[in-house]
Amino acid sequence: MPGHGIDFDAVGRVLLIVLALYVGASVLSLFQGRLTTTVVQRAVFDLRQQVEAKFARLPLRYFDQQPRGEVLSRVTNDIDNLQQSLQQVLSQVVTSLLSIVGVLILMLVISPLLALIALVTVPISVFVAARIGKQAQPQFIKQWSTTGRLNAHIEEMYTGHSLVKVFGREAESAEIFDQHNETPCSTRASGPSSSPG
């Protein structure tokens, strides 16, 4: 208040409250990260066990028809990508939901009209995002299919590196790699290349 100076006791109380909130948020964030990591790691561990059991049941004909690199890519890269996606999504879901609820309550308190406008525009944004995601999904599928074929070629070339050197197929291997790496997904051949030798 004018003429009474600064109330340092009140300022100190506010700073202590802010500090307590900050420390509490940090502890809860650490707990959330640990819990999320534990849940995701256990889920991925179970998934890897199921994949291993599935591979043990598959006939040899399947492995003869599939390049080793592509099978390896499905077991390692695809599961790792799933793990990263789950960890990011689970860590953001709770925070996002609480933020939405808090923002909605504050909007209703401050201005019900603006809250109504926001509630009308949110479904439109969700619809547009869903349409974009639906159109982008085939491209993601092509991208990971391409990554699988590229990894298959790389794994086969490194596994059979001695054969590649013996038969002098280094240039051809590099050319096939360039074709896999540079050709657009939509025009690339559907089948993976066979290893030389």
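Collect the residues in region 166-175 that are crowded, with 18+ Cβ neighbours inside 10 Å and either of a type in the set (Val, Ile, Thr) or assigned to a helix (DSSP H, G or I) (or both), keeping them in residue-number order. Answer for region 166-175, where residues must be crowded, with 18+ Cβ neighbours inside 10 Å and either of a type in the set (Val, Ile, Thr) or assigned to a helix (DSSP H, G or I) (or both): just SER173. Close Cβ contacts (under 6 Å, 6 or more residues apart or on different chains) running from residues in region 124-148 that are within 20 Å of GLU182 (Cα to Cα) to residues that are surrounded by 10 or more Cβ atoms within 10 Å (Cβ to Cβ) and among the small types (Gly, Ala, Ser) comprise GLY148/SER73. Restricting region 148-165 to residues that are small (Gly, Ala, Ser) and in a helix (DSSP H, G or I) leaves a set whose member that is surrounded by the fewest Cβ atoms within 10 Å (Cβ to Cβ) is SER162. When residues in region 41-94 are screened for being farther than 23 Å from HIS153 by Cβ and of a type in the set (Ser, Thr, Tyr), 2 of them pass. When residues in region 51-67 are screened for being surrounded by 14 or more Cβ atoms within 10 Å (Cβ to Cβ) and either part of a helix (DSSP H, G or I) or charged (D, E, K, R) (or both), 1 of them pass.
Before we move on, is VAL101 under 24 Å from the mean Cα position of the chain (by Cα), aliphatic (A, V, I, L, M) and either at pLDDT 80 or above or assigned to a helix (DSSP H, G or I) (or both)? Judged against the criteria, VAL101 is not a match.
The values are calculated or read from the model by the stated rules, or taken from the named source; none is laboratory data. Not measured: the values here are computed from a predicted model. With ideal geometry, Cβ positions are generated from the backbone for all residues, glycine too; neighbour counts draw on all protein chains shown.
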